[in-house]
Amino acid sequence: PVEASKETIRILLVDDEQSVRRTLPLLLLRRGCEVVACEDGMRALEYYRESWQQIDLVILDMNMPKMNGRDSFFAMREINPDVHVILATGYSAERDAKKLLDEGVRSYIQKPYSVDDLFPLIRQALNHEGE
């Protein structure tokens, strides 16, 4: 028997698009992920502050109301300096996302994306642990 507890990846998804918050968690669940979804950076930061020890990875939309992905990343990093983040960007935010790679963001993915494109990045971001 497979021990699900060791394989489960716990993800905080932060995206203001309702369709992404509805669909992506279902697709990731099929790949052994538990996903909590928040609609903006402020709510995500509140959740992260309370539950960061239970989060393996954060998928952050770059452009959101209230608090954007960049500011959310820096605020989460203050809570946990080793926060694992993948940024989801539209074309216009790609340059900003590349800059954040130097600041500790693990990866970024261009929107729109498929779960087949995203999942290898999730694995890759979590494999940075041993470095």
Could you pull out every residue, at least 5 positions away or on a different chain, whose amide H is within less than 5 Å of the one on Ala88? Hs are placed 1.01 Å off N in the peptide plane, and Pro or chain starts have none.
Leu60, Asp61, Met62, Ile109
In Å², what does the accessible area per residue of the chain work out to with a 1.4 Å probe?
57
Relative contact order for the stretch 1-121, counting Cα pairs under 8 Å that sit 6 or more residues apart, in percent:
22
Options Ala44, Phe73, Ser19, ranked by Cα towards positive dipole end of the stretch 12-108, top entry (Cβ charges)
Ser19
Treat every Asp and Glu Cβ in the chain as -1 and every Lys and Arg Cβ as +1, leave all other atoms uncharged, and give the resulting dipole magnitude about the Cα centre to the nearest 20 debye.
200
Have a look at Gly41, Gly69, Gly32 and tell me which one the Gaussian network model of the chain (Cα, springs below 10 Å) gives the largest fluctuation.
Gly32
I need the Debye-formula profile for the stretch 70-131: one equal scatterer per C-alpha, no solvent, reported as log10 I(q)/I(0) at q = 0.15, 0.18 1/Å, two decimals.
-0.45, -0.65
Go through the stretch 55-67 residue by residue and turn each phi into a ³J(HN,Hα) via Karplus (6.51, -1.76, 1.60, θ = phi - 60°); whole Hz please, and just put x for glycine and proline.
10, 8, 7, 10, 9, 10, 5, 6, 10, 9, x, 6, 8
Using the Karplus curve 6.51 cos²θ - 1.76 cosθ + 1.60 with θ = phi - 60°, work out ³J(HN,Hα) for each residue of the stretch 99-115 in order, rounded to whole Hz, and write x for Gly and Pro.
4, 6, 4, 5, 8, x, 5, 6, 6, 9, 9, 7, 8, x, 10, 9, 5
Accessible-area composition of the chain, carbon plus sulfur, in percent [1.4 Å probe]
47
Mean 1/r over distinct Cα pairs of the stretch 16-83, inverted to a Kirkwood Rh in Å, yields 12.4
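The values are calculated or read from the model by the stated rules, or taken from the named source; none is laboratory data. As the structure is a computational prediction, the values presented were derived from the model and not from experiment. Cβ sites come from the backbone with ideal geometry, for glycine too, and all protein chains shown count toward neighbours. With ligands, DNA and RNA removed, areas are computed over all heavy atoms of the protein, side chains included. Shrake-Rupley method; radii C 1.70, N 1.55, O 1.52, S 1.80 Å.
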